[in-house]
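Single-structure report; data block below.
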Amino acid sequence: MKKKKIVVAVTGLNNTDNPGPGVPVIRGIRESKEFDARIIGLAYENLEPGIYMKEIVDKAYQIPYPSSGSDTLMERLAYINSVENIDVLIPNFDAELFTFMKSEDKLKEMGISTFLPTSEQLEERQKSNLPAYGKKYGIKVPYSKDITSHWDIQVIKNEFQYPVLVKGKFYDAYIAYNDEQVSNHFNRISAKWGLPIIIQEFIRGTEVNVVALGDGKGNTIGAVPMRKQYITDKGKGWGGITLSDKNMLKITTDLISKTKWRGGMELEMIKTVNNDYYMIEINPRIPAWVYLAVGAGQNIPEALVKLALGMNVEPYKSYEVGKMFIRYSYDLIGDIQQFEKLSINGEL
Amino acid sequence: MTNIMKKQKYERPIINRINAGVSNKFGTQTKINIISEIDGLAVKDLLKDYGSPLYVISEREIRETYSKAKQAFSTRYPKVQFAWSYKTNYLDAVCRLYHKLGSWAEVVSGFEYDKAIDNGVPGSNIIFNGPDKSEEDLTKAIKNGSLIHVDHFDELYLIMKLADKIEETPKLAIRVNMDTGIYPQWDRFGFNYENGEAWNALNRIMLNEKVDLVGLHTHIGTYIMTPNAYGVAAYKLAELAVRVDKKYGHKVKYIDMGGGFASKNTLKGAYLPGADTCPSFDDYAEAITNALINSEIDPDNLPTLFLETGRALIDDAGYLLGTVLANKRLADGRRSTIIDIGINMLFTSFWYEHNIVPAQETTHHTEDTTIYGPLCMNIDVIRAAIQFPLLNKKDHVVISRIGAYNMTQWLQFITLRPNVVIIDMEKNVHVIRENETKKNFDQLEKVPEYLK
Amino acid sequence: MNIKKDIAISDSGFVFDPTTGESYSLNPLGVEILTLLKDGDDQKEITNFVLQKYEVDSDTFENNYYDFLNMLKQFNLTEPQA
């Protein structure tokens, strides 16, 4: 069969020690038996490694940060599209999702397909909405309370047992063993991320993750559970192994069926010694370790491209258990002329 | 053949370091936004004719935004009434334009109340809010049949005392504060819902025969980005209305959801620009009207929905035009540009990253720039860090989205306030507030004999 | 003022300083002036060149020229004075 030629644009080319999912997503698409894809890398910064990886990215363009506004971003994409004729765009950063979702219709008009969650799906899974989310969809979540002042620490004190997690609205989480530590973390996090601060019950157990893809109609197209075997000082998995865990798969397919989740997702759960599963975070995009799923037999990036193109996609039924990923770093050799081209022309 | 060659347009030489990492530029593909005209009138002509700096208000944008807001609510709810929030912009011409479009007046002081009367608003179409209403103000408002929104018990007792003396029956609503799931919770205004204070106040009013309960009011905060909070608030007010009806068989005539809708300006510290994240009128309308329609209120006796939104109606219609006074290099190599617009004229620069753009064509080259106002005060910073094109002395700049609060919270500080003009639908320009002169201030001052 | 001999100036406006590894971007007039400086032109020659080619008065240009030189100094693109 002759492979279908398509053009796919991908962000998240920052394959650094805090890696974005762009490069693994591209590897999945490159391994497709159905597509012959030209890959357009979209980069925010001029040293994102993916830009310089010739076998990964065919052509890279710089794009403006979401903070400069969706109009600016759309203008830039219109230009890139006029040259490249993009079929599918896969955004891979949390921070850019809102902007791309908002522009979904405009992209469609330009002939660019995406496959993203809806704004309601994105909003209701926010960290501070997690308790309501758990209640609505019948999943266990750690007990948590939002606080907005030091006074509140005393008010809610009796509802928690130490230790607790002190979390920022978007990022940062610290363990606290007493009032004083809560207070310190409150100051530190609120100075950086503002209010409210989330106080969360600390669940003891093992962190396990699922990468999954929902078709927007309630079907789970793919789902692979994994446990991180080695975690860096930045909290990133540097090695992981696929698990055979029916409970995790059931939680995932139930959630996708109830929420009619559209697009890629990563579920972060804690499995306790009593075999209870607590959902701690739902990331609304494909995670950086997605290539493990590809290696285990579920090419989730390829399936996502198909869904975006409106093709019929058969759900994956199985995956290989005991497949492992081990991340490594690798020094590419670049040249100042490449850097010049990228800096002056915004493309390479 | 002549050897006279036309000289090329000059742009000062610049050099920027390319930092690894961050980059928001794409060489010649970078687009610099400019605003060279407003409603078809050239910025440079406006500045020439009316001086620099200059406030410009676009009647066209006021009308367009108002009709969008009105449509959003009136297509979802049968009875809707806007009331113009005077404190947002109380220039008489602006208020009269809103009244012409159908808005009532929402005032928060005796001064604003008198302005509304002078602008021809019937007393019964004035909503009197706020914690500061003097005995004299209240007497006037009662006699005029205005809608008095009670803020605290001391005020309620004063009104009841006045009601004994005045023939007209005071028309009252209470302002209610509540938890709508947003931070901060504004609990300093009105009576609290959760602790029963609001219900208590309603009972006192209902049990007093000399006052009439006509409405319920809330104003949950400012620059609210989550429409759902309005849904929660509307639901709680509806619940109070139903309780009053059940206990006393009395139906309130209106529910006033106040203001606080966000504008498209970007708050300092926000990651995404306001233009992307700001909810639309439809979003707010959907949340509020759903809550009211789905409440227990008798559908045949739906109260009128009052809205006091100010910022979201007028912010986009205001522009501040100015001129570059100088360029300067700071000690650390950053560029600074000094313009004739200071924070005394742009109070909102304390919380917004205002959109400031050149009024004339520039190339795509920019420098990391700090934009200062003209005041001899360290805090006079319009933008602390912005990638800005290379403007020269006397070039013009435009700051957009400044229609709300700047023409009321402005300060006469160091310099005098400039002209304010409105561009009407036929593109005629009218001065609606003249630039101040030293004489204006001399009139108010008195020097004691011994200092003369 | 002497410009470092080994810096590479590209017509695109890209400048690479091999002694520090830093790179810079310039606008067209920045490129022209830096090239002239590297070729050894003095302020008078450069001013004449600019005034003939561009719509600018000598005061404005002088002001901008010194500012530009200061930036070159700040970025260490000049040779230390002997």
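Looking only at region C:17-31, filter to residues that are facing chain B (nearest Cβ under 8 Å) and within 10 Å of the chain's Cα centre (by Cα); which one of those is nearest to B:ASN16 (Cα to Cα)?
Filtering first and then ranking leaves C:LEU26.
Of A:GLY216, A:GLY205, which residue is more than 25 Å from A:LYS169 (Cβ to Cβ) and over 16 Å from the mean Cα position of the chain (by Cα)?
Step by step, each of A:GLY216, A:GLY205 is checked, and only A:GLY216 is more than 25 Å from A:LYS169 (Cβ to Cβ) and over 16 Å from the mean Cα position of the chain (by Cα).
Are there any strands (runs of 3 or more DSSP E) wholly within region A:1-107 with 2 or more residues that are out of contact with any Leu (no Cβ under 8 Å at 6 or more places or on another chain), and if so which?
In region A:1-107, A:4-10, A:35-43 are the strands (runs of 3 or more DSSP E) which contain 2 or more residues that are out of contact with any Leu (no Cβ under 8 Å at 6 or more places or on another chain).
Which one is nearest to the other protein chains (Cβ to nearest Cβ) among residues in region A:315-348 that are in a loop (DSSP other than H, G, I, E, B) and of a type in the set (Val, Ile, Thr)?
Selected residue: A:ILE333.
Could you check how many residues of region B:302-336 are at pLDDT 95 or above, over 30 Å from B:GLU106 (Cβ atoms) and polar (S, T, N, Q)?
The qualifying residues number 1.
Among the candidates A:ILE282, A:ILE256, single out the residue that is of a type in the set (Val, Ile, Thr), outside any helix (DSSP H, G or I) and not assigned by TED's automatic domain parsing to the domain that holds A:ASN15.
Exactly one of A:ILE282, A:ILE256 is of a type in the set (Val, Ile, Thr), outside any helix (DSSP H, G or I) and not assigned by TED's automatic domain parsing to the domain that holds A:ASN15, namely A:ILE282.
Which of the residues spanning region C:66-78 are in contact with a helix residue (DSSP H, G or I) (Cβ under 7 Å, 6 or more places away or on another chain) and part of a helix (DSSP H, G or I)?
C:PHE68
Out of all the residues in region B:339-366, which are away from every other protein chain (no Cβ under 14 Å), out of contact with any Ser or Thr (no Cβ under 9 Å at 6 or more places or on another chain) and β-branched (Val, Ile, Thr)?
Selection gives B:THR348 alone.
Given the criterion in contact (Cβ under 8 Å) with a residue 60 or more places away in the chain and under 20 Å from B:ARG433 (Cβ atoms), identify the matching residue among B:ALA116, B:ALA69, B:ALA93.
Matching residue, one of B:ALA116, B:ALA69, B:ALA93: B:ALA93.
Here is a list: A:TYR291, A:TYR277. Which entry is of a type in the set (Ser, Thr, Tyr), under 30 Å from A:PRO131 (Cβ atoms) and surrounded by 14 or more Cβ atoms within 10 Å (Cβ to Cβ)?
Of the residues listed, the single one that is of a type in the set (Ser, Thr, Tyr), under 30 Å from A:PRO131 (Cβ atoms) and surrounded by 14 or more Cβ atoms within 10 Å (Cβ to Cβ) is A:TYR277.
For region A:290-314, give me each residue that is assigned to a helix (DSSP H, G or I) and of a type in the set (Val, Ile, Thr).
Matches in region A:290-314: A:VAL290, A:VAL294, A:ILE300, A:VAL305.
I need a count of the residues in region B:311-327 that are of a type in the set (A, V, I, L, M, F, W, C) and buried (at least 21 other Cβ atoms within 10 Å of the Cβ).
6
Output the number of the condition that B:GLY196 fails; it satisfies all remaining conditions of (1) over 18 Å from B:ILE127 (Cβ atoms); (2) in contact with a strand residue (DSSP E or B) (Cβ under 8 Å, 6 or more places away or on another chain); (3) surrounded by fewer than 20 Cβ atoms within 10 Å (Cβ to Cβ).
Answer for B:GLY196: the failing condition is (2).
Can you find a residue that is part of a helix (DSSP H, G or I) and more than 10 Å from chain B (Cβ to nearest Cβ) anywhere in region C:50-60?
Yes, because at least one residue in region C:50-60 is part of a helix (DSSP H, G or I) and more than 10 Å from chain B (Cβ to nearest Cβ).
Is there a residue in region B:254-276 that is acidic (Asp, Glu) and within 14 Å of chain A (Cβ to nearest Cβ)?
Looking through region B:254-276, at least one residue is acidic (Asp, Glu) and within 14 Å of chain A (Cβ to nearest Cβ).
The values are calculated or read from the model by the stated rules, or taken from the named source; none is laboratory data. Remember, it's a predicted structure, so these values are computed and weren't measured experimentally. Glycine gets a Cβ as well: all are built from the backbone with ideal geometry, and neighbour counts include every protein chain shown.
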